[in-house]
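Right, one structure below, let's go through it.
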Amino acid sequence: MRYNKQNIFANEETAYKRYLKPRGLSLINQYDTPKFKFPKQEDLLNFSSIKHIWSMGDRYFKLAGEYYSDPELWWVIAFYNKKPTEFHVNVGEVLYIPVPLETVLFYMGY
């Protein structure tokens, strides 16, 4: 699901040449960087969020598995809370799990 809407492009950057040449390749196909948008204030009224207090052992993928039944959706929680990695979250800090997932993804432009 994470790569469904991303373009694939041929990367021919010279920086990769020394790695590609020994493998007999002239380019590498890569996924383009996704562009998400944070929901506008008025859009936030269309979904709710579940409070979660971050504790030892918590990981985004575990929360996504618990709340979305899909650990690959960890990035939704990270993006929504504007905390790109677990290292940006402190024990005891409140995170918000946005629901329902389909609505959240729609307003994120995904």
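The values are calculated or read from the model by the stated rules, or taken from the named source; none is laboratory data. In this text, all values refer to a predicted model and were calculated from it rather than measured experimentally. Neighbour counts run over all protein chains shown; Cβ positions are idealised from the backbone, glycine included.
What are the residue pairs meeting all of these: first residue in segment 34-55, first residue touching a residue at least 12 places away in the same chain (Cβ under 8 Å), second residue acidic (Asp, Glu), Cβ atoms under 7 Å, and 6 or more apart or on different chains?
Taking only residues 6 or more apart or on different chains, the pairs are Trp54/Glu93.
Suppose we filter segment 34-90 for residues that are outside any helix (DSSP H, G or I), charged (D, E, K, R) and touching a strand residue (DSSP E or B) at 6+ places or on another chain (Cβ under 9 Å); how many remain? Break it down into steps so the answer makes sense when it comes.
From segment 34-90, those outside any helix (DSSP H, G or I) are 34-42, 47-59, 69-70, 81-85, 89-90; that's our starting set.
Next cut, charged (D, E, K, R) only: 35, 37, 40, 42, 51, 58-59, 70, 82-83.
Then keep just the ones that are touching a strand residue (DSSP E or B) at 6+ places or on another chain (Cβ under 9 Å); that gives 51, 58, 83.
Result for segment 34-90: 3.
Of the numbered conditions (1) more than 20 Å from the chain's Cα centre (by Cα); (2) surrounded by fewer than 10 Cβ atoms within 10 Å (Cβ to Cβ), Leu20 satisfies every one except a single condition; which is it?
(2)
Go through segment 23-45 and give me each residue that's exposed (fewer than 13 other Cβ atoms within 10 Å of the Cβ) and polar (S, T, N, Q).
Ser26, Asn29, Thr33, Gln41
Within segment 45-62, how many residues turn out to be under 11 Å from Ile97 (Cβ atoms) and either outside the structural domain of Val99 (by TED's automatic domain parsing) or within 13 Å of the chain's Cα centre (by Cα) (or both)? It would help to see each step written out before you state the result.
Our first condition is that a residue be under 11 Å from Ile97 (Cβ atoms); within segment 45-62, this holds for 47-52, 60.
If we keep only those that are either outside the structural domain of Val99 (by TED's automatic domain parsing) or within 13 Å of the chain's Cα centre (by Cα) (or both) too, we end up with 60.
Residues flagged as under 11 Å from Ile97 (Cβ atoms) and either outside the structural domain of Val99 (by TED's automatic domain parsing) or within 13 Å of the chain's Cα centre (by Cα) (or both) within segment 45-62 amount to 1.
Filter segment 91-107 down to the residues that are assigned to a helix (DSSP H, G or I) and hydroxyl-bearing (Ser, Thr, Tyr), then identify the one that is surrounded by the fewest Cβ atoms within 10 Å (Cβ to Cβ). I'd like the intermediate steps shown before the answer.
Looking only at segment 91-107, we keep the residues that are assigned to a helix (DSSP H, G or I), and these are 101-107.
Right, trim to hydroxyl-bearing (Ser, Thr, Tyr) and you get 103, 107.
Working: Thr103: 15, Tyr107: 17.
Only one residue fits best here, namely Thr103.
Can you find, within segment 63-81, the residue that is farthest from the chain's Cα centre (by Cα) among those that are touching a residue at least 24 places away in the same chain (Cβ under 8 Å) and under 18 Å from Lys51 (Cβ atoms)?
Going through segment 63-81, the residues touching a residue at least 24 places away in the same chain (Cβ under 8 Å) turn out to be 63, 67-68, 70, 72-73, 75-76, 79-80.
Narrowing further to those that are under 18 Å from Lys51 (Cβ atoms): 63, 67-68, 76, 79-80.
Details: Leu63: 13, Tyr67: 15, Tyr68: 13, Val76: 5, Phe79: 6, Tyr80: 9 Å.
Among those that are touching a residue at least 24 places away in the same chain (Cβ under 8 Å) and under 18 Å from Lys51 (Cβ atoms), it is Tyr67.
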